[in-house]
Amino acid sequence: MSSIKVKTLTREIASLAGELGLKAVPEYRTPDGTRIDVAILNDGQKLLAIELEASFKWFPQRVLYDVVKAHRAGFPELWVITPFRTSPGWVEGYAKEVGLKLEIKSDKSLIDKLRARLARL
């Protein structure tokens, strides 16, 4: 299992967002002082929060924290990008309870998947 290249993916996400007329904000600072790895915005409207999780240690807890950050910041959708094939367990149900669409995705062909998703927004 290889580690994801956080800086490379962040640059690629920002480039794609710009091509589509959207804004990608790396290290987006939330109103309560936390940070989201990349926020996708359309004229200030929050569309998608993206967290790049390169560590397997404490994975469910990390995803829970990501869900809380994205929800509290007002994002309707969160993608957690990771090279690991694992489930955060009950955290997926919690995300649904709070009304956040959560997707755990591989970094493989991420840009193609993101292009397809953002084109539908």
Filtering the stretch 39-60 for residues that are over 19 Å from P88 (Cβ atoms), of a type outside the set (K, R) and assigned to a strand (DSSP E or B) leaves a count of 6
Taking the stretch 43-55 and the residues there that are touching a helix residue (DSSP H, G or I) at 6+ places or on another chain (Cβ under 9 Å) and open to solvent by 30 Å² or more (accessible area, probe 1.4 Å), the one that is nearest to P83 (Cα to Cα) would be A54
Picked from the stretch 34-57 (must be small (G, A, S) and at pLDDT 95 or above), the residue nearest to the chain's Cα centre (by Cα) is A49
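Filtering the stretch 102-112 down to residues that are assigned to a loop (DSSP other than H, G, I, E, B) and open to solvent by 40 Å² or more (accessible area, probe 1.4 Å), which residue is nearest to W79 (Cα to Cα)? Steps first, please.
Step one: of the stretch 102-112, the residues assigned to a loop (DSSP other than H, G, I, E, B) are 106-109.
If we keep only those that are open to solvent by 40 Å² or more (accessible area, probe 1.4 Å) as well, we get 106, 108-109.
On the way: S106: 10, K108: 14, S109: 14 Å.
Ranking the qualifying residues of the stretch 102-112, first place goes to S106.
Is it true that some residue in the stretch 14-35 is of a type in the set (D, E), open to solvent by 30 Å² or more (accessible area, probe 1.4 Å), in contact (Cβ under 8 Å) with a residue 12 or more places away in the chain and farther than 17 Å from K108 by Cα? Full working, then the answer.
First, the residues of the stretch 14-35 that are of a type in the set (D, E): 19, 27, 32.
Of the ones still in play, those that are also open to solvent by 30 Å² or more (accessible area, probe 1.4 Å) are 19, 27, 32.
Filter again for in contact (Cβ under 8 Å) with a residue 12 or more places away in the chain, leaving 32.
Now drop any that are not farther than 17 Å from K108 by Cα, which leaves 32.
Yes - at least one qualifying residue is present in the stretch 14-35.
Considering P88, P60, which residue is at pLDDT below 95, out of contact with any His (no Cβ under 7 Å at 6 or more places or on another chain) and open to solvent by less than 20 Å² (accessible area, probe 1.4 Å)?
Numbers: P60 fails: open to solvent by less than 20 Å² (accessible area, probe 1.4 Å).
Just a single option satisfies the conditions, and that option is P88.
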Out of (1) crowded, with 17+ Cβ neighbours inside 10 Å; (2) touching a helix residue (DSSP H, G or I) at 6+ places or on another chain (Cβ under 8 Å), the one G99 does not meet is (1)
Per the list (1) out of contact with any helix residue (DSSP H, G or I) (no Cβ under 6 Å at 6 or more places or on another chain); (2) assigned to a strand (DSSP E or B), residue check on D66 breaks on (2)
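The values are calculated or read from the model by the stated rules, or taken from the named source; none is laboratory data. Because the structure is a prediction, the values reported are computed rather than measured. A quick note on method: Cβ atoms are made from the backbone with ideal geometry, for glycine too, and the neighbour counts reach across all protein chains shown. Accessible surface areas use protein heavy atoms only, side chains included; no ligands, DNA or RNA. Shrake-Rupley method; radii C 1.70, N 1.55, O 1.52, S 1.80 Å.
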